[in-house]
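Asks: Got a structure here, written out as structure tokens. Questions coming.
Laboratory data are not the source of any read-out in this text; all were calculated from the coordinates shown. What you are looking at is a predicted structure, and each value in this text was computed from that prediction instead of being measured. Please note: Cβ atoms are built from the backbone with ideal geometry, for glycine as well, and neighbour counts cover all protein chains shown.
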Amino acid sequence: MDLEPTAQNAFLQALDLCARKVLADEPALGINFPYVTSPSGAWKVLPASVSAGYSGANWSHGNWFCGFWVALLLVSYLRTGDRKYLDIATQRLLLVAPRAADGNTHDIGFIFYPSAVAAYHITGDSAHAEIAAKAADRLRRRLIMTPQGSYISAWGPLDDLRGRRSSAIDTMANLPLLYWAAQYRDDASFTLAAEAHALMTQKAFIRPDNSTYHAVEYDLATGSRDRGFTFQGYADESAWSRGQAWAIYGYVRTAEATGKRSYLDLAERLADYYVARTGPTLVPFWDFDDPSIPNAPLDTSTAAIVASALLDMGALHPDVQKGARWRQHALDILTELCKHHLATEDAHRGLLRHGCYSRPHDEGVDSAVMFGDFFFVEALCSAVLPGKLRAVPKVLVS
Ligand code: GLY
């Protein structure tokens, strides 16, 4: 289409690299799933069964990455047409499926949308859809009612006050599972739950300058924000770049699912903030307010999430020129990632270098991170295999 041959080749080669690496890594993984690379370039791994939870006062996210690995296998199948990728992905889904009953975390959207929903989209096999629908039901049950609206609690069992009050910007990118389930089950309550969360997040998380809080604790009696804080960012009042990406991504998908222009407008304001603070290198620092910038770590995963969101924004936008500008910005980000951040050598097992999982926890800093690799290939698919991994968004009626 509008894709220059050089960009198209670079994107297809990146997908080829993905297919080569996942196939080479599979035999050694056993029941484990990769999440971040260590300094040697080898994947660190965890079984899919590791759930989230509190250990004393500390929250641990558990394995919320396992579905992304399934997605890399599915994308490799789409790119190569080689059935063995699909067979491995199907086997891997069996290891992931028990997490559909995990009522402890919002992250089951991240686990099941890229894996089971994509597998259903590709194969039409309703067994995959049923797993995803079970997970969506769990996610919907995390909806907490307050006098000012409802939100999906992020972390922990709902009978634990810490979990019940908590909400995270990341949840916005878990909503596609609910939007999908509404269609699959013909049950609007999934969309109503997701949209309620999006509205509450709009009120409580977005600062006047269009940056976002990473996390919020609500006063359950009033529904007001008690405090905005961070878990993975530099400081409670700083702008954690990946949080901004989750917000952009989630509001674009909310605009797509509801057909409402107001969410697209909001996503554009969030994206304007992101673009202005990222600057011409197109890959942001892990937190826009880290005082050690320009010597702070980058986060390529953020750039990948934003690229995927902006391709959808471009497809949805009723103003053709604005849509084309967002699309071009996304393609520029992907070109930059392919040119300067792709791990082409064998020793480094991920796809994108310079991701940052959590600087405060010193975990996966300057590494490949599994979610970065997923959103990168999701965006590449939108660019060169449109409609294959998921449907192309329809233009909004303005
Ligand atoms: N929990 C999602 C993230 O690390 O961004």
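Asks: Would you mind working out the magnitude of the charge dipole of segment 251-313 relative to its Cα centre, with +1 at each Lys and Arg C-beta and -1 at each Asp and Glu C-beta, to the nearest 20 Debye?
Replies: Magnitude of the dipole: close to 220 debye.
Asks: Still on this structure: How big is the charge dipole of the chain about its Cα centre, in debye rounded to the nearest 20, if each Lys and Arg gets +1 on its Cβ and each Asp and Glu gets -1 on its Cβ?
Replies: Using Cβ point charges on Lys, Arg, Asp and Glu, the chain gives about 620 debye.
Asks: Through the Karplus equation 6.51 cos²θ - 1.76 cosθ + 1.60, θ set to phi - 60°, convert the phi angles of segment 114-129 into ³J(HN,Hα) values in whole Hz; use x for Gly and Pro.
Replies: x, 9, 5, 5, 5, 4, 5, 4, 7, 9, x, 7, 5, 4, 5, 4
Asks: While we're on this one: ³J(HN,Hα) across segment 161-171 via Karplus (A = 6.51, B = -1.76, C = 1.60, θ = phi - 60°), whole Hz, x for Gly/Pro?
Replies: Whole-Hz 3J(HN,Hα) from phi for segment 161-171: 4, 4, x, 4, 7, 8, 9, 10, 5, 4, 4.
Asks: Still on this model: For segment 63-142, which trypsin sites (Lys or Arg not before Pro) pass both filters: DSSP loop (anything but H, G, I, E, B) and at most 13 other C-beta atoms within 10 Å?
Replies: Within segment 63-142, the qualifying trypsin sites (Lys or Arg not before Pro) (loop, at most 13 other Cβ atoms within 10 Å) are 141.
Asks: Select from 133, 212, 263 the residue farthest towards the positive end of the dipole of the chain; place +1 on Cβ of Lys and Arg, -1 on Cβ of Asp and Glu, and compute about the Cα centre.
Replies: 133
Asks: Note the full-extension length gain between residue 363 and residue 146 as 0.36 nm times their separation in residues minus their Cα-Cα distance, in nm to one decimal. Can you show the working numbers first?
Replies: Numbers: separation 217, 0.36 × 217 = 78.12 nm, distance 3.48 nm.
Extra length available between residue 363 and residue 146 comes to 74.6 nm.
Asks: Does the chain come out rounded, prolate or oblate by the C-alpha gyration tensor, with a ≥ b ≥ c the root eigenvalues, rounded set by a/c under 1.5 and, if not, prolate when a/b is larger than b/c and oblate if not?
Replies: Rounded, because the longest to shortest axis ratio a/c is under 1.5.
Asks: Could you line up 86, 220, 380 from fewest to most neighbouring Cβ atoms inside 10 Å?
Replies: Sorted ascending by nearby Cβ count, the order is 220, 86, 380.
Asks: Roughly how far apart, in whole Å, are the Cα centres of segment 1-62 and segment 344-384?
Replies: 7
Asks: If you take the charge dipole of the chain about its Cα centre, with +1 on Lys and Arg Cβ and -1 on Asp and Glu Cβ, which of 166, 74, 288 is farthest toward its positive end?
Replies: Sorting the options by dipole projection puts first 74.
Asks: Over the chain, calculate the relative contact order: mean separation of alpha carbon pairs under 8 Å at least 6 apart, over the residue count, as a percent.
Replies: Relative contact order of the chain: 16 percent.
Asks: Work out the charge dipole of segment 97-165 with +1 on the Cβ of Lys and Arg and -1 on the Cβ of Asp and Glu about the Cα centre, then indicate which of 103, 124, 144 is farthest towards its positive end.
Replies: 144
Asks: Most mobile of 73, 161, 15 per a Gaussian network model of the chain (Cα springs, under 10 Å)?
Replies: It is 161.
Asks: If I model a spin label at residue 46 and residue 392 as a point 7 Å from the Cα along the Cα→Cβ vector, what separation in nanometres do I get?
Replies: 3.7
Asks: Another one. Taking 0.36 nm per residue of separation and subtracting the Cα-Cα distance, what length does fully extending residue 123 through residue 321 add?
Replies: 67.8 nm
Asks: Taking the chain as a Gaussian network, where each spring joins two C-alpha atoms under 10 Å apart, which residue of 361, 329, 106 fluctuates the most?
Replies: 361
Asks: Fewest to most neighbouring Cβ within 10 Å: what's the order for 354, 317, 340? Intermediate results must be reported in sequence, preceding the final value.
Replies: Numbers: 354 22, 317 25, 340 13.
The fewest-first ordering by Cβ neighbours comes to 340, 354, 317.
Asks: I've got another one for you. Would you kindly derive the ³J(HN,Hα) couplings of segment 373-380 from the backbone phi angles with the Karplus curve 6.51 cos²θ - 1.76 cosθ + 1.60 (θ = phi - 60°), listing them in order in whole Hz, with x for Gly and Pro?
Replies: Coupling constants for segment 373-380: 4, 5, 5, 4, 6, 4, 5, 4 Hz.
Asks: If you rank 77, 54 by fewest surrounding Cβ atoms within 10 Å, what's the result?
Replies: So the ranking, lowest neighbour count to highest, is 54, 77.
Asks: Could I ask something else about it? Starting from segment 336-368, pick out the GluC sites (Glu not before Pro) whose DSSP state is loop and whose Cβ has at most 15 other Cβ atoms within 10 Å.
Replies: In loop regions of segment 336-368 (DSSP not H, G, I, E or B), the sparsely surrounded GluC sites (Glu not before Pro) are 345.
Asks: Can you give the charge dipole size of segment 306-362 about its Cα centre, rounded to the nearest 20 debye, using +1 on the beta carbon of Lys and Arg and -1 on the beta carbon of Asp and Glu?
Replies: 120
Asks: Calculate, for residue 219 and residue 134, the FRET efficiency according to 1/(1 + (r/R0)^6) with r their C-beta to C-beta distance and R0 35 Å; round to the nearest 0.05. Walk me through the numbers before you get to the answer.
Replies: Values: r = 32 Å, r/R0 = 0.92.
It comes out at approximately 0.60.
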